[in-house]
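One structure is given below, encoded as structure tokens.
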Amino acid sequence: MTGLLSDIKRMSVHDGPGIRTTMFLMGCPLRCLWCHNPENLEIKKVLSFTPKLCVGCGACLKACSHGAHIMAAGTHRVDFSRCVSCGDCVSECYTGALRLFGTVMEASSAAEKLLEDRKFYETSGGGVTFSGGEPLLQASFIKEVMERLKREGIHTAVDTCADVPWEAFMQVIPFTDLFLCDVKHIDSERHREMTGRGNERILKNMRRLADIGAVVEVRTPVIPGFNDDLSVLSEIGGFLSGLGNITAWRILPYHSMGKAKYESIGMPYMMPELEAPDSKHMEALKKELRNVFDRVMLSSDLS
Amino acid sequence: MDKRSFTASGPVFAEVKDHLFTQYSEPHYDDSTGISREELIKGVDRILEEKKDTPPIKRKAELFSYVLMNSRIDVDPTDWFADHFDRAGDILYKLHERRRAEAGDTVIPGAKAIIELGRETGSFFAELDLGHVSPGWRFLLEKGIPGIMDMAQKKLKDCADERSALFYQSVITVYEAAALFIKRLEEQAKRMAEKYPEHQDRMKKLSDCLYSIRTGPPGTFYEALQLSYIFHQLIEFEGELVRSMGSFEWNFGRFYEKDLAEGRITREDARELISFFWMKFFANTRGSGNGKNFYFGGMKDSSTINIGPLSYLALELFYDLNQPDPKLSVKLGKDTPEEFRRLIARCLKGGRTNMVLINDDETLSAVRKRGVSFEDSFEYLLIGCYEPAIEGKETACNMCVKFNLAKPLELALFNGTDPLTGKATGIRTGTPDSFDTFEDFYHAYEVQLDHQLSLVQKAITDYESFWDVINPEPFISATFAPCLEKGRDISEYGPKYNNTGSMGGGLANAADSLISIKKAVFEEKRYTLEELCRMLKDDFAGQERERLYLKNMMPKWGNDDFEADAMAVRVAESYTSRVNGRKNGRGGIFTASMFTLDHCFELGHRTGALPDGREKGHYLAKGIGAMTGMDKGGVTAQIESVVKLDFTDIPNGSVLDIYLHPSAVDGEKGTDTLLQLIDTYFGSGGYGIQFNILNADDLREAQIHPEEYRTLQVRVCGWNVYFVTLNPEQQNHFIETTMQLV
């Protein structure tokens, strides 16, 4: 079967142990304000335009039959409301300024692609990570890819927001070595304010993963004004220590690097301007949180 | 004896560091110790005139001796080491250059013309590279000056042929001069002890040390360092650069361990001495030159690891000093201890990237394949940057030829005429419309490649036969056991191995251009070869869209792309098979290397627009990997591509430049990641690898506020410099390379 993915990134070192390749799948149930992969929110192809790479050749205007490209006063602009994501303009753009996120790929060819760096996985204890978006929205597809990878002895990880039906988990559990789950807030209302949905299903899925003894690493993006104070984070830590199957809890500082991506796909960036927590603050949080949960880590700590 | 010998009294390194940093840039000599520079130069000219008919080696020895006897000297009372003398503006080096020019003008004008045309058209830069030689350090440290003199005297007594006699006489002359020069330093140190009572202890120890090394082989760590440095200076004075300081461990480890065991020094003492010693090298380049290397790691024989307590101490200090010079070459093999590897990773992550890592197992195979014996192979050191040569047994002359692999492509496209200069330097392989298939075109590429290589090899071979006239070097030659044994100077092929290096640069540009021609012209038929030639001739004027098509839509070497990689492997084989094993002019062979150094700029300036989408005059690819900015598949893909090359066919060395964003190697996990990348590269048969761990934003900031980034090091090629000392083109090259890193 086929899946819809936006990218495959080799040499990824922050999505599980060792040197990995990460596949980004499209579609996500949540709408976190700080999301840094907005091109992956919908299960559909998305046009992206990076003005600084554009040389103004105008080839896209000719290629587009929907009037989505506008050249005014020598400046190229995209009217995203007219774009149907057909990709006709992208194949005429040689600069890399126009890009279509969304590749339909057969599971078997996806697996081939993911095996290219197997030497690095073997040397480093790395493997393949499925991320997104929410990879479990395409659980049947990634299950097929994973079956192939497991036959080759490759370590697999699924990076999930956990807000999916339990059945999706059931499909991939036999082939998953590690789940990377996001827990962002314990208070469901606060969770809804910032992500668009409550956290009931997430917490329930986390308990179920604990019940079956799945290996889970938890990640919490530390967002100023949302969950960056000790009491909120301690609540998460308290919840995690009750589970018993959490191998590590990584707290990751919020960053605003996704902002340019919003502009390039014509989406408004709703996140207010915030200062990213500095490394000193993160170190201090880590130290304090050790009192609640002993395996708190920062992004590049070894688990 | 006081156990803390070198940290007991007087200024410590930190206190005199800034002062010592100026020792070569602002030299001062004691006028009472010798004659003025004007008189010295007059004296040299007088000898040259009077000894016009004396054999060149003998005359050279007399000149060497004259300057060492008569020049003004200096001993700094705060320094632990003495070496300063007035080199009369490097007069012997200039003489060597003059002799080389004379040879070209008179006896081998044909060779000179070939080399000049090569430079003008950017086909190759070539010269008689008499440097890129390493002294036989361990032989020297074992025998010492008197030992070498004894051997020369004994050999002289028994020798029948005149040539050998001349060699031994010259060796005796220069070694006597060296011993007397050291005696002059020793006496000056004694005077300094009197003049500066506060430095009496230091000057007393220094004069004792100098006495020891002129009367016997070095017996202590301090003496071994002092002797090595004096030789470094005197060899360079003799007329060529010292390109490797040898193995820090193998040269000095035994002295250090003996001193420690016998209570002569402490670990702190040794740290202090190495700091002063290494400052000599740093003060020479001041962070803007190509530096001197020591190598670390490797094996002494098939079962003995060349890593001991001194290596750990030195690497720790290397980190703390954070100087771009000396630079390191690190041999990593399957038996290298993890602790040692982690120290190396720590240096790289901490911005101490002034090192190249060499795959020891692959290099041993490569040097054996080119004819080095099993026993000798372990003694290879890295000459200059990454070029292996056998210590004290080989003159590898690694940089005779710097060849542009993209030029034969231009010659094939333009029927033998260089498009930029209009010079008909190639073969008439046919007009663009005469090629029916890509294979026809590739054949033309090989014909041009072969022709250019044959030309330059002939020119170098001609020059090589005049080396003994141009620059006989009895002083360095006597550190080569085979020279001393045979009675032949290194310029007379005295060493056991006498090879000539040939560097191929711009592999990515040649391969990427060929693949563009194959696909866009012969497969897609997007344009004819004539149309493509026209675009190139016009430097893509009015054709920016097509340039971007060629640049961004065609496969590129270094991205784990099957087709592009196969092309690069083919180009590499076409090149190495026309270099390796071809006879040079000294009884040895040419050996191939593949990298570019900073010649990527100068060769690029002389290369027109290429079918890979590169514009006219733009720099070529650096190193063996992807063209700058075209490694879009990332680090692992680039490594997967490059290991498809057979490095045993590139025995004169190569290097893969890896650029990483600091976040990729952050923290403890980052240390592992770095080592795993190296392990995978080496495990798959890679050769040399070096790193820049940089953030483009920092580099842009450094361009705007250089004063805040004075100590930011970048690895240029086989050496590091301070980023702020680079010209804007070179600075932008680094920014362009690091921009796409996330």
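At-a-glance table
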| item | result |
| --- | --- |
| J(HN,Hα) series, the range B:54-60, from Karplus relation 6.51 cos²θ - 1.76 cosθ + 1.60, nearest Hz, glycine and proline x | 6, x, x, 5, 6, 5, 4 |
| For chain A, alpha-carbon Rg relative to the globular expectation (2.2 N^0.38 Å, N residues) | 1.05 |
| Beta bridges by DSSP in chain B, antiparallel share as percent, to the nearest 5 | 35 percent |
| Integer Hz, Karplus 6.51/-1.76/1.60 couplings in order for the range B:92-108, x for Gly and Pro | 6, 5, 5, 5, 4, 4, 5, 5, 5, 4, 4, 4, x, 6, 9, 8, 10 |
| Cross-link pairs beyond the 30 Å C-alpha cut-off, checked among A:Lys44/A:Lys143; B:Lys58/B:Lys402; B:Lys458/B:Lys496 | B:Lys58/B:Lys402 |
| Calculated Rg and Dmax of chain B using C-alpha coordinates, Å | 26.4, 85 |
| FRET E, pair B:Glu338, B:Glu707, Förster distance 45 Å, beta-carbon r, rounded to 0.05 | 0.65 |
| Cα shape, the range B:72-197, gyration tensor, a/c 1.5 rule | oblate |
| Alpha-carbon Rg/Rh ratio, for the range A:38-126, with Rh computed the Kirkwood way | 1.13 |
| The protein assembly as shown - mean residue ellipticity at 222 nm from DSSP helices (-39,500 (n - 2.57) per run, n ≥ 4, rounded to 500) | -13500 deg cm²/dmol |
| Test item: A:17-24 mean partner chain Cβ contacts at 10 Å | 2 |
| The range B:632-742 - share of DSSP beta bridges that are antiparallel (%, nearest 5) | 40 percent |
| D (Stokes-Einstein, µm²/s), Kirkwood Cα radius, the range B:545-683, 0.890 mPa s at 25 °C | 147 µm²/s |
| Degrees between helix B:667-683 axis and first principal axis of chain B (Cα, 0 to 90, nearest 10) | 70 degrees |
| Acute angle (nearest 10 degrees) that the helix A:139-151 long axis makes with the longest principal axis of chain A, alpha-carbon atoms | 70 degrees |
| Global geometry of the range B:235-380, whether rounded, prolate or oblate, following the gyration tensor of its Cα atoms and the 1.5 cut on a/c | rounded |
| Fraction of beta bridges assigned by DSSP in the protein assembly as shown that are antiparallel (%, nearest 5) | 35 percent |
| Cα-based reach from B:Lys616 at 14 Å (exclusive), listing aspartates and glutamates while leaving out same-chain residues under 8 positions away | B:Glu410, B:Asp418, B:Asp538, B:Asp539, B:Glu544, B:Glu602 |
| Exercise: per-residue mean of other protein chain Cβ atoms within 10 Å, B:666-673 | 6 |
| Cα-based shape type of the range A:56-202, given that a ≥ b ≥ c are square roots of the gyration tensor eigenvalues and the cut on a/c is 1.5 | oblate |
| Area buried, chain B against chain A - accessible surface, total, 1.4 angstrom probe, square angstrom | 2300 Å² |
| Alpha-carbon Debye profile of the range B:256-330, log10 I(q)/I(0) at 0.20 Å⁻¹ | -0.93 |
| FRET efficiency, 1/(1 + (r/R0)^6) with R0 30 Å, evaluated for B:Arg534 and B:Glu439 via beta carbons | 0.80 |
| Straight-distance crosslink candidates among lysines, where the alpha carbon sits under 17 Å from B:Lys190 and sequence neighbours closer than 8 are dropped | B:Lys204, B:Lys205 |
| Built amide H within the under 5 Å cut-off of B:Met399, gap 5+ | B:Gly501 |
| Loop sites in the range B:256-341: GluC sites (Glu not before Pro), DSSP, at most 14 other Cβ within 10 Å | B:Glu262 |
| 10 Å Cβ neighbours from other chains, averaged over peptide B:680-688 | 2 |
| Aspartates and glutamates with Cα under 12 Å of B:Lys632, excluding same-chain neighbours fewer than 8 positions away | B:Asp560, B:Asp561 |
| 48 Å tail of the calculated P(r), the protein assembly as shown, as % of Cα pairs | 35 percent |
| ³J(HN,Hα) computed for each position of the range B:203-214 - Karplus, 6.51 cos²θ - 1.76 cosθ + 1.60, integer Hz, glycine/proline x | 5, 5, 5, 5, 5, 4, 4, 5, 4, 4, 7, 9 |
| Restraint check, B:Lys537/B:Lys622; B:Lys407/B:Lys556; B:Lys183/B:Lys486; B:Lys60/B:Lys94; A:Lys113/B:Lys551; B:Lys327/B:Lys556, Cα-Cα greater than 21 Å | B:Lys537/B:Lys622; B:Lys183/B:Lys486; A:Lys113/B:Lys551; B:Lys327/B:Lys556 |
| Distance violations [Cα-Cα > 30 Å] among B:Lys154/B:Lys583; B:Lys17/B:Lys300; A:Lys45/B:Lys644; A:Lys9/B:Lys349; B:Lys155/B:Lys393 | B:Lys154/B:Lys583; B:Lys17/B:Lys300; A:Lys45/B:Lys644 |
| For the range B:610-668 versus the range B:281-327, the gap between their alpha-carbon centres in whole angstrom | 25 Å |
| Nearest 10 degrees, 0 to 90: helix B:507-516 Cα axis against chain B principal axis | 0 degrees |
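The values are calculated or read from the model by the stated rules, or taken from the named source; none is laboratory data. Keep in mind it's a predicted model, so treat the numbers as computed, not measured. Quick reminder, even Gly has a Cβ in these numbers, built from the backbone with ideal geometry, and neighbours come from all protein chains shown. With ligands, DNA and RNA removed, areas are computed over all heavy atoms of the protein, side chains included. Shrake-Rupley method; radii C 1.70, N 1.55, O 1.52, S 1.80 Å.
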